[in-house]
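First the structure, in the form of structure tokens, and then the observations on it.
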Amino acid sequence: MTTLAAQAPGASRPRTTVRPSSFGRLVAAEWVKFRSLRSTWWTLAVGAVLMIALAVLQTWGTSTIPDDIEFPNLSGAVFVTGGAFLGQLAFCVLGVLAITGEYSTGMIRSTFAAAPRRLPVLWAKLVVIFSAVLLVSVLAVALSWVGSMPWFDELGLAIDLGNSDDLRIMLGTPLYLATATALAFAIGALVRHSAAGLAIVLGLLLVVEQAFALIPWRPLEVISPFLPSTAGSRLTMDAATQQMMDAGSDVATLTPWQGYGVLVAWVVVLLALAAVLMRRRDA
């Protein structure tokens, strides 16, 4: 016969230690989720390849132009970073999906159960996506430089990191791309739907900002310099390009860092709205 011994009321029970969800642990958890998805690596790779391929093709293509056609004030840094716009599209798609993907699968409920305060989750996701795009963009710019160098002598190009313009473009391009991705992330956090987020971000970059720059209507001309990509991309332009653009404009002109500041302001405002809604809305 088997005898079952009941545990005495005062007997000790094993204790479970629950570690608090510190911000560092949240970042680590978000990094695990981020890197465990194949789509993350594919999208980062596509963005980097687009940047490198366009930079190399642009440099090679320019070298095939007849010698009697001159291109004054050519900047090697501008050639090397010439693929940033295409790379931006891929990175912004990743920025949207980094937050909307969890809402579409319902995984966000488990995330909020582990971190009930919610807002640290938003900041942890932002740190991960910003850092990943920044690092990949730096690598892509470096590889674009290496891939374009065979035609530099033929075109009379050079990159001098001791020159403030070249240094700003080479380092400012990855910084701009990471911040533009943060903007896409903020929009995704606002709408919480992948299709809507992608439509807004790509529509803003490909349609709205281009249309505002081309339509000769005074209110649009005044607003256009302060749109996020238009303002932020000034960080990636050389001085000659900026002077040429400003010469034909009678509206506000921004310095490279002022333009980047406008982009950062867009990100801050949208993230603040997303934070307020994240605390008020159900998961």
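Restrict the check to region 8-16 and report whether at least one residue is within 23 Å of the chain's Cα centre (by Cα), more than 23 Å from residue 137 (Cβ to Cβ), at pLDDT below 95 and not aromatic (Phe, Trp, Tyr).
no
I'm checking my understanding of the structure. Among residues of region 241-262 that are hydrophobic (A, V, I, L, M, F, W, C), within 23 Å of residue 79 (Cβ to Cβ) and in contact with a helix residue (DSSP H, G or I) (Cβ under 9 Å, 6 or more places away or on another chain), which one is surrounded by the most Cβ atoms within 10 Å (Cβ to Cβ)?
Applying the filter and picking the extreme gives 245.
Can you tell me which of (1) assigned to a loop (DSSP other than H, G, I, E, B); (2) within 18 Å of the chain's Cα centre (by Cα); (3) not acidic (Asp, Glu) is the one residue 262 doesn't meet?
(1) is the only condition that residue 262 fails.
Mind checking which residues of region 147-170 are surrounded by 15 or more Cβ atoms within 10 Å (Cβ to Cβ) and in a helix (DSSP H, G or I)?
Result: 147, 148, 149, 151, 152, 155, 165, 166, 168, 169, 170.
May I ask you to list the residues in region 204-232 that are under 21 Å from the mean Cα position of the chain (by Cα) and of a type in the set (A, V, I, L, M, F, W, C)?
Answer for region 204-232, where residues must be under 21 Å from the mean Cα position of the chain (by Cα) and of a type in the set (A, V, I, L, M, F, W, C): 204, 205, 206, 207, 208, 226, 227, 231.
Is there a residue in region 197-210 that is closer than 30 Å to residue 123 by Cβ and of a type in the set (S, T, N, Q)?
No, there is no match, as no residue in region 197-210 is closer than 30 Å to residue 123 by Cβ and of a type in the set (S, T, N, Q).
The values are calculated or read from the model by the stated rules, or taken from the named source; none is laboratory data. If you're wondering where the values come from, they're calculated on a predicted model, not measured in any experiment. Here Cβ is always computed from backbone atoms with ideal geometry, including for glycine, and neighbour counts include all displayed protein chains.
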